[in-house]
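The values are calculated or read from the model by the stated rules, or taken from the named source; none is laboratory data. Keep in mind that this is a model prediction, so the values were computed, not measured. No Cβ is skipped: glycine too gets one built from the backbone with ideal geometry, and neighbour counts run over all protein chains shown.
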Amino acid sequence: MTFSVIVPVYNVQAYLSACVKSVVEQAGPADWECILVDDGSTDACPAMCDAFAQLCPGVTVIHRSNGGLAAARNTGIKAAKGKWLLFLDSDDYWPPHMLEKLRAALAAAPGYRWYVCRYLEQDESQGMDARPYPGPVERFTPGPDADPDYAARVARLYAAGHWAVWRFCIDREFLVKYNLLFWNEVRWAEDYPFDLVLAGACPKLYYLDVELVVYRANRAGSLLNAGLAKHFAGIAAVIHRFEKMFAAPDCPWTPAEQAEIWRRTANVFWPQARGAACRDAEVRAACAPGMTACKALWKLGDENTRPDWKLFAFLLNHFGPRFALWATGLLKRK
């Protein structure tokens, strides 16, 4: 088995058929398995998954109680048998002939455990057709990256596109050997802490000039469009996990690497904090406790130094989230 495709499924009945069809109809040998992990869906998805498993060779389904995207992916990883792991969200889909191109690209650049690919983006809020992303060629440079500087590797990784793992092709045995799983307690933006840990464990990666997936951006109902209060809870869970890792006596992370991880985590926090600074009192009240739980990030990151955000950062650090959200919200247009 060459490829294991892990598809977490949760209440996406309008998109699931297109997703599975894009895998099943790939040209070339049937050297893949598609593992649908139904994460306690309450719509038609469980029955749809069962039907796909019965009708489509290579497709299997695992039903589980709802535990979130991270837990669903971990379930798929543990069940996988292929050499390479591919992650596909159930509201996205693969371009035609993608696997053919990926097979050829992997054969032409052997010897790596982690490959990063291009992708296509389809912005549903604007009704746009799928287009290549990232756009400028200089943001994605095909070839190897074995830079010993952790921060430099992470910078190139995020300059090359979205933090999501659906643009990765990863050696399954490598993940299993080093127990590199997603963090179940993180229920929003689960991918970025996984990326940061993987970048430390696997300092040698390769950028492939292959468009791996069509990402549906700004889809109504997407997990990325969930409430802001949930975003802060997810970030707080990441903070707690990293604090525990870095406090361990046998922590392998250098001070410089730890600083980079905190900077990246803060850069995830700041846009959410600015989003919570609105005129809606209920949103502000719901977000304030989560922002307090993320206090370790208030003085970190790049975003809090932006000229248009300096006032907000000042208010947050000196007066706390409730006042900062209220005062900054007053300055925003209705």
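Data for the structure
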{"read-out": "Selection status of L315, out of contact with any strand residue (DSSP E or B) (no Cβ under 6 Å at 6 or more places or on another chain), crowded, with 17+ Cβ neighbours inside 10 Å and free of Cβ contacts under 8 Å to residues at least 40 places away in the same chain", "value": "yes"}
{"read-out": "Residues that are surrounded by 13 or more Cβ atoms within 10 Å (Cβ to Cβ) and either touching a strand residue (DSSP E or B) at 6+ places or on another chain (Cβ under 9 Å) or over 11 Å from A276 (Cβ atoms) (or both), drawn from segment 318-334", "value": "G320, F323, A327"}
{"read-out": "Some residue of segment 30-44 being over 23 Å from the mean Cα position of the chain (by Cα) and modelled with pLDDT under 95", "value": "yes"}
{"read-out": "When residues of segment 276-291 are limited to those that are surrounded by fewer than 17 Cβ atoms within 10 Å (Cβ to Cβ) and in contact with a helix residue (DSSP H, G or I) (Cβ under 6 Å, 6 or more places away or on another chain), the one farthest from E190 (Cα to Cα)", "value": "R279"}
{"read-out": "Any hit, segment 206-219, residues being of a type in the set (K, R) and either assigned to a helix (DSSP H, G or I) or within 19 Å of the chain's Cα centre (by Cα) (or both)", "value": "yes"}
{"read-out": "Residue selected from segment 106-135 under the condition within 30 Å of Q258 (Cα to Cα) and among the basic types (K, R), by the criterion modelled with the lowest pLDDT", "value": "R118"}
{"read-out": "Qualifying position, being over 16 Å from I239 (Cβ atoms), touching a His at 6+ places or on another chain (Cβ under 9 Å), in contact (Cβ under 8 Å) with a residue 40 or more places away in the chain and in the same structural domain as A237 (by TED's automatic domain parsing), among A286, A276", "value": "A276"}
{"read-out": "Residue among V9, V24, V37 that is over 24 Å from A104 (Cβ atoms) and in contact with a Cys (Cβ under 6 Å, 6 or more places away or on another chain)", "value": "V9"}
{"read-out": "Residue match in segment 136-151 (condition: part of a strand (DSSP E or B), modelled with pLDDT under 95, surrounded by 15 or more Cβ atoms within 10 Å (Cβ to Cβ) and in the same structural domain as V197 (by TED's automatic domain parsing))", "value": "no"}
{"read-out": "Unmet criterion (only one of (1) in contact (Cβ under 8 Å) with a residue 60 or more places away in the chain; (2) surrounded by fewer than 17 Cβ atoms within 10 Å (Cβ to Cβ)) for R113", "value": "(2)"}
{"read-out": "Strands (runs of 3 or more DSSP E) contained entirely in segment 1-99, each with at least 3 residues that are free of Cβ contacts under 8 Å to residues at least 60 places away in the same chain and surrounded by 23 or more Cβ atoms within 10 Å (Cβ to Cβ)", "value": "32-39"}
{"read-out": "Test: residue in segment 188-198 that is outside any helix (DSSP H, G or I), touching a residue at least 60 places away in the same chain (Cβ under 8 Å), closer than 25 Å to I77 by Cα and hydroxyl-bearing (S, T, Y)", "value": "no"}
{"read-out": "Residue list for segment 246-263, filter: in a helix (DSSP H, G or I) and either surrounded by 14 or more Cβ atoms within 10 Å (Cβ to Cβ) or under 24 Å from the mean Cα position of the chain (by Cα) (or both)", "value": "F246, A256, E257, Q258, A259, E260, I261, W262, R263"}
